Amino acid sequence: MSQFDVLFQPLNINKLTIRNRIVSTAHAEVYATDGGMTTDRYVKYYEEKAKGGCGLCICGGSSVVSIDSPQSWWSSVNLSTDRIIPHFQNLADAVHKHGGKIMIQISHMGRRSRWDGENWPNLMSPSGIREPVHRATCKTIEVEEIWRVIGDFVQAARRAKEGGLDGVELSAVHQHMIDQFWSPRVNKRTDEWGGTFEGRMKFGLEVAKAVREEVGPDFVVGMRITGDEFHPDGLNHDDMKQIAKYYDETGLIDYFGVVGSGCDTHNTLANVIPNMSYPPEPFLHLAAGIKEVVSVPVIHAQNIKDPNQAKRIVEAGYVDFVGMTRAHIADPHLIAKIKNDQVDQIRQCVGANYCIDRQYQGLDVLCIQNAATSREYMGLPHIIEKTEGPIRSVVVVGGGPGGMEAARVAAERGHKVTLLERNEELGGQITIAAKAPQRDQIAGITRWLVMELDRLGVEVRTGVTADAQMIRDLKPDVCVMATGGRPYMDQNPAWGAEEGLVVSSWDILNGKVEPGKNVLIYDTICEFSGLSAADYLSSKGSLVEIVTDDIKPGVGIGGTTFPTYYRSLYEKEVVMTSDFLLEKVYREGDNLVAVLENEYTGQHEERVVDQVVIENGIRPNEELYYELKEESRNKGQLDVEAMFDIKPQPILSESGDGMILWRLGDCVSQRNTHAAMYDALRLCKDL
């Protein structure tokens, strides 16, 4: 008996048997191409989850049923045309052959979209009230349009069934059309589609009735709802329990998926996909409350990353199925690893929300730490096969995420790997980031890599500053430079870096420099480091102003993450100032004077402070690379076409003396953790 046996007990939804209690719930993947079709990338992504043991995948978050519900911004699945049917058949076949089940979420998003693209439609909502997040205006939907959209739901469900999918999930969550009708803060109608409770329920009820009539009694029809909108004038938990009970008693709904929070404002959006600043399963109580009043299975997915969490939730009977969606993005084989007693080998989600934040920028969903996710179709592997070629000696210089991933992949290939790191601990900039108040869980990336390096027998030398002679003495066949970078403090000499007038965000987060009492942070990058420094300093009691020449502090941070920073910074009375350049810093007595220049007017302002913190990105630590470059076989160069095509570097098949030298990550130029790990994987997977 395994301690996780409870997770592997099959359970039926309607007549559909799900082989275990773990679900990958609906999310917008931004992979549907060719007009919203589930083409090869989409299919391979879900096939990998099924191959890894996932019981049920619900794909296609916010997949549209009508041509006037735009889908191009999300590259979501387009169910408004029969063109989708053969694509669904490919998807269903790929998942079913591995024993998994596959369903799709269907929706009309109403006002929750953008009108300025694709067919340029007039968006619609029950009462023509705009949505804050998308800033899009809309019309009041007319009765004839209501019935037309109901018919579109029916046709979408038919296409899913004809395509061989196992069910559909009606989206009544995130303020889509169905729950727009439910909510009195959005539905101000006085006709039969509003006013009373029954009136507000009518649209969703007519959709459920018409879909059920089309697909028959045995095809799964589920509904995803919120357990509480978290709006003072919205639907609270008692309201949602009443709604769930109402729909359950119709017998039309086969399961409920429950999440916490609405997401039509920036602040509530952050709740829906809780990042690492949230506690584990923060809204489980809402799903458990819905389960108390319904007779069908309940699924819940929010910040559940660990199999021990999942086991406890199912054992206690809070819900019937546990959604581990971002957990599957981080490691699509997590179920197989649980089953095979390899829990320590699970690459656990750290809640960075790189995946969902990319989606809110209209970009494809990627994992910050697993570069193979969604790139299965390109041939990037989750499981690294042993080489059939010669065993090489590989030296990796630098123990940040890129260097550790390079060492891991090379060792998985069977090579003899030595990793050199000048600090006493591995992690690189991950270690610095984890010092910030809301970012401690990012260290999970390092913990997993360290465990994998140990499991694979990589020789790790910490506290070692590598030099050229040390590398020569090791006689590597391949040397990977992942030496990272250093804060770029001297771009403007007038900042006073040479005179020690300013410090870096790294100095602050590392504890190298004590926080000042009155601090100005100048942030040109507007990503995590600047806001993390502000959060850290203000938590230590500093009075903080964060200044940027960009449109707002943290503008480069995604939609589910910047609100959690803003909550904290506003609570601590951090002043946030945009549109100003830091022109110079000079000393005046015991104080520092920071001279700011308005980017648009050229007018100057001064701040008298006792500390100035600069976040201006990094410059590469590339000296050792250049020292070794000329004596390397390849002069340090990559074949870029081969790399971009995910093909082996040609030099690996060429004979010659001397080492092959590559560099990656911030040792080349500043990008991010995902970029460094992606380069490491596509370079080293063919060693």
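Readers should treat all values here as calculations from the given coordinates under stated rules, not as data from a laboratory. Keep in mind it's a predicted model, so treat the numbers as computed, not measured. We place every Cβ from the backbone using ideal geometry, glycine too, and count neighbours over all the protein chains shown.
Segment Lys635..Arg447, full-extension length gain: 64.3 nm, with 0.36 nm per residue of separation and the alpha-carbon distance subtracted. Taking a label point 7 Å from the Cα of Thr250 along the Cα→Cβ vector, which residues of the stretch 185-204 have an amide N closer than 12 Å to it? Output list for this probe position: 198-204. Cross-link pairs exceeding 32 Å between alpha carbons, from the set Lys552/Lys635; Lys44/Lys209; Lys552/Lys629; Lys241/Lys305; Lys139/Lys305: Lys552/Lys635; Lys44/Lys209; Lys552/Lys629; Lys139/Lys305. Calculated mean residue ellipticity, 222 nm, the chain: -9000 deg cm²/dmol, from DSSP H runs (n ≥ 4) at -39500 (n - 2.57) each, averaged per residue and rounded to 500. Between the amide H of Thr33 and those of Thr39, distances stay under 5 Å, these residues lying 5 or more places away or on another chain, with hydrogens modeled in the peptide plane.
Can you classify the chain as rounded, prolate or oblate using the Cα gyration tensor, where a ≥ b ≥ c are the square roots of its eigenvalues, rounded means a/c under 1.5, and otherwise it's prolate if a/b beats b/c and oblate if not? Oblate, because a/c is 1.5 or more while a/b does not exceed b/c.
For Lys435, the aspartates and glutamates whose Cα falls under 15 Å of its own Cα, not counting residues fewer than eight places away in the same chain, are Glu425, Asp507, Glu514, Asp535. Taking 17 Å as the straight-line reach from the Cα of Lys15, the lysines in range (excluding those fewer than 8 positions away in the same chain) are Lys101, Lys161.
Sequentially through the stretch 12-20, phi angles give Karplus couplings (6.51, -1.76, 1.60; θ = phi - 60°) of 8, 10, 6, 9, 8, 8, 9, 6, 8 Hz, Gly and Pro residues having no value and appearing as x. Subtracting the Cα-Cα distance of Asp454 and Met470 from 0.36 nm times their residue separation leaves 3.5 nm of extension gain. From the square roots a ≥ b ≥ c of the eigenvalues of the alpha-carbon gyration tensor of the stretch 177-314, which class results: rounded (a/c under 1.5), prolate (a/b over b/c), or oblate? Cα axes put the stretch 177-314 in the oblate bin. Computed from backbone phi, the HN-Hα couplings of the stretch 620-636 come to x, 7, 10, 5, 5, 4, 5, 5, 9, 4, 5, 8, 7, 5, 9, 6, x Hz, rounded to whole numbers (Karplus: 6.51 cos²θ - 1.76 cosθ + 1.60, θ = phi - 60°; Gly and Pro given as x). Consider a paramagnetic label point 7 Å from the Cα of Glu588 along Cα→Cβ; state which residues of the stretch 511-542 have an amide N under 18 Å from it. Taking a point 7 Å out along Cα→Cβ of Glu588, the residues of the stretch 511-542 whose backbone N falls under 18 Å are 517-521.
Distance from the alpha carbon centroid of the stretch 77-113 to that of the stretch 301-336 works out to 23 angstrom. Taking θ as phi - 60° and the Karplus parameters 6.51, -1.76 and 1.60, the scalar couplings of the stretch 471-481 work out to 5, 4, 5, 6, 6, x, 6, 9, 10, 10, 8 Hz in sequence order, x denoting glycine and proline. May I ask you to list the aspartates and glutamates whose Cα is less than 15 Å away from that of Lys584, ignoring any residue fewer than eight positions away on the same chain? Within the straight-line cut-off, Lys584 pairs with Asp490, Glu498, Glu499, Asp523, Asp549, Glu597, Glu599, Glu605, Glu606, Asp610, Glu615. Annotation: amide H of Ser504 within the under-5 Å range of Ile614, sequence separation 5 or more or interchain, hydrogens built in the peptide plane.
Using the Cβ-Cβ distance between Thr462 and Asp191 with R0 = 56 Å, the FRET efficiency computed as 1/(1 + (r/R0)^6) comes to roughly 0.20.
Taking the stretch 87-119 and a reference point 7 angstrom along Cα→Cβ of Ile129, the backbone N atoms nearer than 16 Å belong to 110-113. Over the stretch 5-378, with a single point scatterer placed on each C-alpha, what log10 of the ratio I(q)/I(0) does the Debye formula yield at q = 0.08, 0.09, 0.11 1/Å? Debye curve over Cα of the stretch 5-378, log10 I(q)/I(0) at q = 0.08, 0.09, 0.11 Å⁻¹: -0.34, -0.44, -0.68.
With the cut-off at 1.5 for a/c, could you classify the stretch 489-616 from its C-alpha gyration tensor as rounded, prolate or oblate?
Oblate, since a/c reaches 1.5 and b/c is not below a/b.
Hey, which of these cross-link pairs are over 30 Å Cα-Cα: Lys51/Lys245; Lys337/Lys416; Lys291/Lys339; Lys51/Lys647? Long pairs (Cα-Cα over 30 Å): Lys51/Lys245. For Gly485, the residues whose modelled amide H falls within less than 5 Å of its own, excluding neighbours fewer than 5 places apart on the same chain, are Asn621.
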